[in-house]
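First the structure, in the form of structure tokens, and then the observations on it.
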Amino acid sequence: MTSILFKHISHLATFDGPDRDAGTEISDGFILIHDNIIIACGPMADCPEGAERTADRVLDLSDHIVMPGMVNTHHHFYQNLTRVMVQDDELFVWLKTLYPIWARLDDRAMATASRMAMAELIMSGCTTSSDHQYIMPNDCTLDTPIRVAQELGMRFHAARGAMSRGESKGGLPPDSCVEEEEDILKDAERLIGTYHDMSDHAMTRIVLAPCSAFSVTQGLMKDAAALARTYEGVRLHSHIAEVLSEEEYCLETYGMRSVAYAESCDWLGPDVWFAHSIFLNNSEIKTFAETGTGATFCPSAHMRCGLGIMRAREMLDAGVTVGLGVDGSASNDTSNMFSEVRFAQFLQRVAPDRYLSETPGGRGGFGGTPAAMSAREALWMATRGGAKILGRDDIGQIAPGKSADLIAVKRTQLGMAGTQRDPLAALVMCGPFHVDYSFINGVPVIEQGAFTRLDIDAALRDHAQTMDRIYA
Ligand SMILES: [Zn+2]
């Protein structure tokens, strides 16, 4: 057994409270971990006697803000090989341009891209990520990002994505990018059998994730739901209501809106979460709340791709579980978790629904409200919200018995000056910042701002070469 004492933590935010609250916040705090589990935490005055003497390691964090590692609930790692492309066109054009390039990816390229995406996430405060790999060209398998996550020490919910409805069947992707449905389901079963771990503090779980209404059939949606539900804790994930043209596609193809379509596929429930969910009307928000269906807010991608503003405020108030996602590196174009929290807060503040467009006097434009989202609530979505969406109560908070996933950000750095009165809000409102320490499952993956298990220069060189190879 290895024990680590984190002592004299300048500001400790535990997120151990009720929904949407930052929970207990402590000045001069401590955390004691044994292997991968938090044993005790609280004010320094309550630190168990002798802990400092008996711990294998003592880390003084008197210059640090400490909080739980964040949870990213939507991503497509492979897309960092196609960044800053199709900068100014709408989503369907963006997809149709990139599909043929993605079709050239191979397993080696997937490893390289996954490594880079996870490194960016970890450096920006994320300790658990899901990844939605929905294109499996050439020799690609989901085994590869799982192996890379194990190498880097990241907690990983690998989503076995899929596309099966190519152009010839009325779908959006070219036929060269889709798989046979029988193969998809067989591979999903293999992955669950090999990797899905339902124990507490598990590092790997499998999710089933057909890509979207316009790239898979209704049959695959139904079969994936039925298959997932024959196992314990295999969740379902997909895109929904991401762009208005998707709503039009659903009306034309299935004769119903996207949420009704999801319901027709048995895709509503506490074991389901959807990315985006931008165009939900009031009754659909109610449906999400009543069925326990989760939603991932991806503010950077929503702004970058000009998609719209998800009604996260209304959804949270209605009781929907909302988490955050950086979304794919080509639709964001970054994988920075702290940046996502910042934009989540800010984008809700300008959401126009509450104070719409034109005043009686004829003034144009629209205004929002700063009361729409606090820094703490945005951080709650990135920690507890994300954990809940992934079906986990062992991560997303700092409390005895929880997984030892924690991050520490230095207070004496540019951008933090003048934030002594509220260092936790500063993490969101003055950032984005990099972490100085990150412990995942009790293992240090970042120490003094540097990776402990990754040669980042070599990874960058490999990434540049891989991109040249894919485009050659
Ligand atoms: Zn996506």
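The values are calculated or read from the model by the stated rules, or taken from the named source; none is laboratory data. All values derive from a computational prediction rather than experimental measurement. For neighbour counting, all protein chains shown are included, and Cβ atoms are generated from backbone atoms with ideal geometry for every residue, glycine included. For accessibility, only protein heavy atoms count, side chains too; no ligands or nucleic acids. Shrake-Rupley method; radii C 1.70, N 1.55, O 1.52, S 1.80 Å.
Here are some notes:
- Evaluating Gly233 against the criteria (1) surrounded by 23 or more Cβ atoms within 10 Å (Cβ to Cβ); (2) within 30 Å of Ser199 (Cα to Cα) leaves one unmet condition, (1).
- Here Ala330, Ala351, Ala301, Ala275 are screened, and the one residue that is of a type in the set (A, V, I, L, M) and more than 13 Å from the ligand (Cβ to nearest atom) is Ala351.
- Of the criteria (1) open to solvent by 20 Å² or more (accessible area, probe 1.4 Å); (2) at pLDDT below 95, which one Leu91 fails: (1)
- Checking every residue in the range 151-158 against the condition of being surrounded by fewer than 17 Cβ atoms within 10 Å (Cβ to Cβ) and more than 18 Å from Pro210 (Cβ to Cβ) gives at least one match.
- Candidates Ile39, Ile33, filtered to the one that is assigned to a strand (DSSP E or B), open to solvent by 60 Å² or more (accessible area, probe 1.4 Å), modelled with pLDDT of 95 or more and under 14 Å from Ala404 (Cα atoms): Ile39
- Test: residue in the range 203-218 that is open to solvent by less than 30 Å² (accessible area, probe 1.4 Å) and of a type in the set (Lys, Arg): yes
- Scanning the range 393-416 for residues that are without any contact (Cβ under 8 Å) to a residue 12 or more places away in the chain and either of a type in the set (D, E, K, R) or in contact with a Lys or Arg (Cβ under 9 Å, 6 or more places away or on another chain) (or both) turns up just one, Asp393.
- Top-ranked residue in the range 37-83 [being basic (Lys, Arg) and away from the ligand (no atom under 16 Å from the Cβ); ranked as nearest to Gln133 (Cα to Cα)]: Arg57
- Candidates Thr112, Thr97, Thr73 - the one that is among the hydroxyl-bearing types (Ser, Thr, Tyr) and open to solvent by 20 Å² or more (accessible area, probe 1.4 Å): Thr97
- Candidates Thr452, Thr466, filtered to the one that is more than 28 Å from Met416 (Cβ to Cβ) and among the hydroxyl-bearing types (Ser, Thr, Tyr): Thr466
- Matching entry among Cys250, Cys211 (being within 16 Å of the ligand (Cβ to nearest atom) and either in contact (Cβ under 8 Å) with a residue 60 or more places away in the chain or not charged (D, E, K, R) (or both)): Cys211
- Search result, residues across the range 274-294 that are of a type in the set (Gly, Ala, Ser) and either open to solvent by less than 40 Å² (accessible area, probe 1.4 Å) or within 13 Å of Glu247 (Cα to Cα) (or both): Ala275, Ser277, Ala289, Gly292, Gly294
- Of the residues making up the range 304-323, those that are more than 18 Å from Arg257 (Cβ to Cβ), part of a loop (DSSP other than H, G, I, E, B) and within 16 Å of the ligand (Cβ to nearest atom) number 2.
- Residues satisfying the stated conditions in the range 220-252, i.e. closer than 18 Å to Asp266 by Cβ, out of contact with any Leu (no Cβ under 9 Å at 6 or more places or on another chain) and of a type in the set (D, E, K, R): Lys222, Glu232
- For the range 130-163, filtering for residues that are outside any loop (DSSP other than H, G, I, E, B), away from the ligand (no atom under 16 Å from the Cβ) and either more than 15 Å from the chain's Cα centre (by Cα) or under 26 Å from Leu95 (Cα atoms) (or both) leaves 9.
- The lone exception for Glu263 - which of (1) open to solvent by 10 Å² or more (accessible area, probe 1.4 Å); (2) modelled with pLDDT of 95 or more; (3) part of a helix (DSSP H, G or I); (4) within 16 Å of the ligand (Cβ to nearest atom) it fails: (4)
- For the range 79-130, residues that are among the hydroxyl-bearing types (Ser, Thr, Tyr) and closer than 18 Å to Leu172 by Cβ total 3.
- Across the range 278-298, the qualifying residues are those that are outside any loop (DSSP other than H, G, I, E, B) and of a type in the set (A, V, I, L, M, F, W, C), and the one among them that is farthest from the ligand (Cβ to nearest atom) is Ala289.
- Pick from the range 325-351, criterion among the aliphatic types (A, V, I, L, M) and assigned to a loop (DSSP other than H, G, I, E, B), ranking: surrounded by the most Cβ atoms within 10 Å (Cβ to Cβ): Val326
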